[in-house]
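Worksheet: one structure, shown below.
The values are calculated or read from the model by the stated rules, or taken from the named source; none is laboratory data. From a predicted model like this one, the values you see are computed outputs, not experimental measurements. Neighbour counts are summed over all protein chains in view; Cβ atoms, including those assigned to glycine, are modelled from backbone coordinates with ideal geometry. For the accessible areas, the whole protein counts, side chains as well, though only heavy atoms, and no ligand, DNA or RNA atoms are used. Shrake-Rupley method; radii C 1.70, N 1.55, O 1.52, S 1.80 Å.
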Amino acid sequence: MLHHFQKLGSSAGIPTKDRGVTSLIVSTHRYDIMIDCGEGTYLKWLEAGYKWQRLKYILITHMHPDHTAGLIPLIFYRNILRIEPPLVLYGPSNLEEYILDSFKHQGINLKFDIQFNSIEDLPKFTLNDDISVKTAQLEHKVDCTGYRMEDENTSLAFMTDTLPIHKTKEFAYGVDHFIHEATFLDEHLELSEETKHTTFSQAVKLGQESKVGQIYLTHFSPRIDDKKIETLESELGFISLHRSQKIKVK
């Protein structure tokens, strides 16, 4: 059963002193799922009190460094500590080559199994304890995937990085917890379109039109400070994930 989720990083592109780049933990009663693993994720994960024996799955949305640069170090540390259970990864088809080639060039021999799964071949799959996961292709500069998780009681969708697209409404329709990127302010709409991202108002409108339970925004440009995010939070009616709180899903 899904229990809670917690952001480990919410900065777009570049980490800041106060915000790491993208990573989210979704916890069930028996194990943890990490979505994306940007630079510095390991330290944020450690500070939040998570344990190696619970980290069973890692889901990657796309290959940009602010979503993957913490992955090689995380696996390396796990290897040093000789954590033996297999680690199960889902992500782009080139994720396996990226990881294995990195360790080959670094002269590192893995002491545990990694099970790689290409999401290009998996529109839906099931995790332990009957957690179902659906995928949707988003619209970004590289192939990028959104994830929707559900159990018998609740649902959660995570979409970043992407333009606001109609497909999201169908994919995330009716979810209890809608987590979407909001990289730019509305006044930077042209830049948002050029870089294939979403503005705050666009993300909130998308959530409202998708008839979701609660809208959460993340992936904020480092140029947007916390005070501005909190002002928009009040004005637009979303919950910001620039904080580190654990959010219960049911």
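Inside the stretch 177-204, residues that are open to solvent by 50 Å² or more (accessible area, probe 1.4 Å) and not in a helix (DSSP H, G or I) make up a count of 1.
Scanning the stretch 205-223 for residues that are free of Cβ contacts under 8 Å to residues at least 40 places away in the same chain, over 20 Å from L24 (Cα atoms) and either charged (D, E, K, R) or open to solvent by less than 70 Å² (accessible area, probe 1.4 Å) (or both) yields K211, R223. Quick one: in the stretch 224-244, which of the residues that are open to solvent by less than 60 Å² (accessible area, probe 1.4 Å) and small (G, A, S) is farthest from F184 (Cα to Cα)? The extreme case among them is G237.
Taken over the stretch 112-147, the criterion of being in a loop (DSSP other than H, G, I, E, B) and under 23 Å from D32 (Cβ atoms) is satisfied by F112, D113, L122, C144.
Please verify whether F171 is in contact with a strand residue (DSSP E or B) (Cβ under 7 Å, 6 or more places away or on another chain), assigned to a helix (DSSP H, G or I) and open to solvent by less than 50 Å² (accessible area, probe 1.4 Å), treating the condition exactly as stated. Explain how you work it out, then say what you get.
Numbers: in contact with a strand residue (DSSP E or B) (Cβ under 7 Å, 6 or more places away or on another chain): yes; assigned to a helix (DSSP H, G or I): yes; open to solvent by less than 50 Å² (accessible area, probe 1.4 Å): yes.
It is true that F171 is in contact with a strand residue (DSSP E or B) (Cβ under 7 Å, 6 or more places away or on another chain), assigned to a helix (DSSP H, G or I) and open to solvent by less than 50 Å² (accessible area, probe 1.4 Å).
Test E39 against the criterion of being free of Cβ contacts under 8 Å to residues at least 40 places away in the same chain, open to solvent by 10 Å² or more (accessible area, probe 1.4 Å), part of a helix (DSSP H, G or I) and touching a strand residue (DSSP E or B) at 6+ places or on another chain (Cβ under 7 Å), and give yes or no. No.
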